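Enquirer: Once you've had a glance at the structure underneath, I'll fire off some questions.
The values are calculated or read from the model by the stated rules, or taken from the named source; none is laboratory data. All values derive from a computational prediction rather than experimental measurement. Reconstructed Cβ throughout: ideal geometry from the backbone, glycine too, with neighbour counts over all protein chains shown.
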């Protein structure tokens with residue numbers, strides 16, 4: 001895990017807390033073991049210096065997306081000055097509708113400009129959502 005993090009009251013995080021945190025992550029992804037395995041791989045990459053702190057933060061943010069409690073727990077392991085923001089995850093319903101409308105308009109534009117590209121895109125989406133890639 002990333003060293004230098006400090007828990008509540010400024011005390012160094014303990015090995016016990018790290019074990020507890022890993023257990024929480026494992027339990028959260030009990031039905032998606034590949035996500036837990038990917039999380040462990042990110043930690044391994046960091047400990048062997050194959051990934052820097054910024055890369056780790058980005059990968060962890062993506063893996064733990066939608067689980068702000070796990071992101072906040074992970075933040076405790078990060079060095080001072082580094083933190084994964086959880087505010088970005090909390091888009092308002094209006095923002096979500098706006099994003100959907102923009103995506104829909106974009107897809108419509110593609111369909112109008114090039115039917116072949118549009119059909120290829122739909123084939124890819126159907127393969128992803130209809131096949132083993134869906135979780």
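Enquirer: Name the single residue, out of those in region 25-74 being within 20 Å of residue 14 (Cβ to Cβ) and surrounded by fewer than 16 Cβ atoms within 10 Å (Cβ to Cβ), that is farthest from the chain's Cα centre (by Cα).
Expert: Within region 25-74, the match that is farthest from the chain's Cα centre (by Cα) is 47.
Enquirer: What number of residues within region 75-101 satisfy the criterion of being surrounded by 12 or more Cβ atoms within 10 Å (Cβ to Cβ) and at pLDDT below 65?
Expert: Qualifying residue count, region 75-101: 2.
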